Each structure stands twice: as C-alpha cells, then as structure tokens.
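Undergrad: Let me begin by handing over the structure; questions about it come next.
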C-alpha cells in the first residue's frame, strides 16, 4: 500500500479517540471558576484580599518557575497560578503577606515539585500549605477581620446578632464556627441569607457562598469537575448534620446552615474536585466524597477543632491510592 492509499484510508497514529477535556483546558476553566470567589472576597474585604491573592499568585509562579528551572524542566505548567489563588482564598484576609508567601513556597516546592510536579503530588498543595501555616502560625491563622464592606439590604437592622459589620479590626477565634463550637451558639435558618451573601467572618474565599456556587456551576457545566465528588461530599455532610440536628436540635445547627458555614462549600468545590489528588474511578469518587464528608462532620462536632474541611480532605488524599487500587473496574471478559 503506497502513501496515497494510506492517506485515503485516514491512517493515523494512536490515540484515535481523544478526550475533549485536556489538562490545559481544565486549568483555564478552573481559573475562570476561581474568579467568582476571588471577586467576592475583594468586594467584601477590599484591598487586603486583593494584595493577598496577588502575593500568593506571584509567589506561586516564581517559586515554581525557579524550582523547575533548577531541575532542567522547560515544559510550561500553569497550575501554580491555581495553587496560589486557592491558597489565598483559604487564608484569613488579614493574614500577613510574608507568611502567606512562605506557605505558598511550601505548597509549590515541597508538596508539589518534590513529589515530581503536576500529576504526581499526593496531597492538595494549597491545603497542605494552609496546614503548614496552621502549625507554624496558629494565632495568625485564627485571626479574622470583620467585614469592612456591609452587604446591601442585609444591614437594615443594626441590632442584629447575626450581622457583623462596620468594623475593620481583626478578631481572634470569632467566626460563626467558633461560636457554635466553643460558645454553644446556634444559628437557625434565618441566618442563611447572611452566610450566602458573605456577611460573616472567615477565610478570604469562603465567606461569599453565592460566588462559590457560581464557580461550582462553571466547573460542572464545562465538565472540568466530576459531579460525583461534590455531590457525595455535600450529600454526606448534609445527611449526617440532619441526623444530629434531629436528635439534638439545641446543640447542633440546621444542616442547611451547616453547608454554608465555614469552608464546606469552598473545599467541596475546588479541593474535593481536584483531579490529581482524588480517585480516578467512578466508585472511588463516591467513596472519597463520602469519606471526606463523614470526617468533616466528625471533626467539626466531636473534636477540639471547629473546622474539619482541611483535615478531612487531606486524610482522604492519603488513602486515594488505596481507593484507586480496590475500585478498579473489572476488565471485560474476566
């Protein structure tokens, strides 16, 4: 068969069936989805959030580029930008820029590149960066600024115990989660609008829940995130909080409010859906999301730590290789 006949038959090198969603496209969509919580945080916290995000982005890109150059790698890797943005979003808006840069360097160099770079890291780099900062600077990581920019139409009642506005100083351990865990405060369904529209203290990107939901919609609509992961995670958290709330509604908050409180939405949208550190099999995705959800509820309700999203996802990252091993699909014919 000559060359002309081969061209007529359309003979090409493998692979013949290509995936429409490649890594570069996935990262672009993820960056687009991250714009929503980033914009929401800048609206709420002003230039503090802007400089924090910018510092983390620049530090991530430079540290990744320098380390890869030292190893002789020339292939471009844009995932460092995503790591920088997510790291900024999981930190308090009043967090010192120098400390945030240190956490990003740890995430990029130690967690990501030491393990071989993109696709080889076991743990989510941004969450490990925050875990490092939690151990290194426990006071700074729990110092949250009050909302400097009131959310429209939610501040008509100045005596509201839910709205926390008109102040710019930092307060230690005063988030709604801390109040629930350590002060036995219970938020009912009436608090939901405040949590959805960002009128609460918390990490830079976790406060404006509506923006996070818009980012999740972008990821799912574009196919950049597998729907099984957030569904299993949010569903498990909702189910277990419902059981606790039914058994003891005085000491446990409404499951609807619990979803919008703290970092559950942010973690379930951008960290649980990480394609590198989560299982690749369909069954494994369900197991990962459910396991992370159970651990989140257990840590929140029965430990001495008010938030369990970070630790729950990192613990499930550690067992992802085992989940992949024991959930491999059966080969056809065996």
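The values are calculated or read from the model by the stated rules, or taken from the named source; none is laboratory data. Computed from a predicted structure; not experimentally measured. Positions of Cβ are backbone-derived with ideal geometry, glycine not excepted, and every protein chain shown enters the neighbour counts.
Undergrad: Of all residues in the stretch 73-89, which are outside any helix (DSSP H, G or I) and touching a residue at least 40 places away in the same chain (Cβ under 8 Å)? It would help to see each step written out before you state the result.
TA: Just the residues of the stretch 73-89 that are outside any helix (DSSP H, G or I), to begin with: 73-78.
If the condition is that a residue be outside any helix (DSSP H, G or I) and touching a residue at least 40 places away in the same chain (Cβ under 8 Å), then 73, 77, 78 are the ones that fit.
Undergrad: List the helices (runs of 4 or more DSSP H) that sit entirely inside the stretch 267-333 and contain at least 2 residues that are under 20 Å from residue 37 (Cβ atoms). Spell out how you get there, then give the answer.
TA: Values: elements: 282-302, 309-318, 320-326.
Once the helices (runs of 4 or more DSSP H) in the stretch 267-333 are filtered for at least 2 residues that are under 20 Å from residue 37 (Cβ atoms), what remains is 282-302, 309-318.
Undergrad: Of all residues in the stretch 123-148, how many are touching a residue at least 60 places away in the same chain (Cβ under 8 Å), part of a loop (DSSP other than H, G, I, E, B) and more than 16 Å from the chain's Cα centre (by Cα)?
TA: Total meeting the criteria: 2.
Undergrad: Look at residue 42 and say whether it is assigned to a helix (DSSP H, G or I) and crowded, with 19+ Cβ neighbours inside 10 Å.
TA: It is true that residue 42 is assigned to a helix (DSSP H, G or I) and crowded, with 19+ Cβ neighbours inside 10 Å.
Matching residues to (1) over 19 Å from residue 22 (Cα atoms); (2) modelled with pLDDT under 95; (3) surrounded by fewer than 17 Cβ atoms within 10 Å (Cβ to Cβ):
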| position | (1), (2), (3) |
| --- | --- |
| 207 | yes, yes, no |
| 218 | no, no, no |
| 254 | yes, yes, no |
| 260 | yes, yes, no |
| 264 | yes, yes, no |
| 276 | no, yes, no |
| 286 | yes, no, no |
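Undergrad: Same structure again: Yes or no: the stretch 90-102 includes at least one residue that is free of Cβ contacts under 8 Å to residues at least 40 places away in the same chain and within 24 Å of residue 201 (Cα to Cα). Explain how you work it out, then say what you get.
TA: From the stretch 90-102, those free of Cβ contacts under 8 Å to residues at least 40 places away in the same chain are 98, 102; that's our starting set.
Retained after the next criterion (residues that are within 24 Å of residue 201 (Cα to Cα)): 98, 102.
Yes, the stretch 90-102 has at least one match.
Undergrad: Among the residues of the stretch 218-254, how many are under 20 Å from the mean Cα position of the chain (by Cα) and free of Cβ contacts under 8 Å to residues at least 40 places away in the same chain?
TA: Total satisfying the criteria: 4.
Undergrad: If you scan the stretch 122-140, which residues turn out to be buried (at least 22 other Cβ atoms within 10 Å of the Cβ) and over 20 Å from residue 42 (Cβ atoms)?
TA: Filtering the stretch 122-140 for residues buried (at least 22 other Cβ atoms within 10 Å of the Cβ) gives 123-130, 133.
If the condition is that a residue be buried (at least 22 other Cβ atoms within 10 Å of the Cβ) and over 20 Å from residue 42 (Cβ atoms), then 123, 124, 125, 127, 128, 129, 133 are the ones that fit.
Undergrad: Return the total of residues in the stretch 220-234 being under 19 Å from residue 24 (Cβ atoms) and surrounded by 19 or more Cβ atoms within 10 Å (Cβ to Cβ).
TA: Residues flagged as under 19 Å from residue 24 (Cβ atoms) and surrounded by 19 or more Cβ atoms within 10 Å (Cβ to Cβ) within the stretch 220-234 amount to 3.
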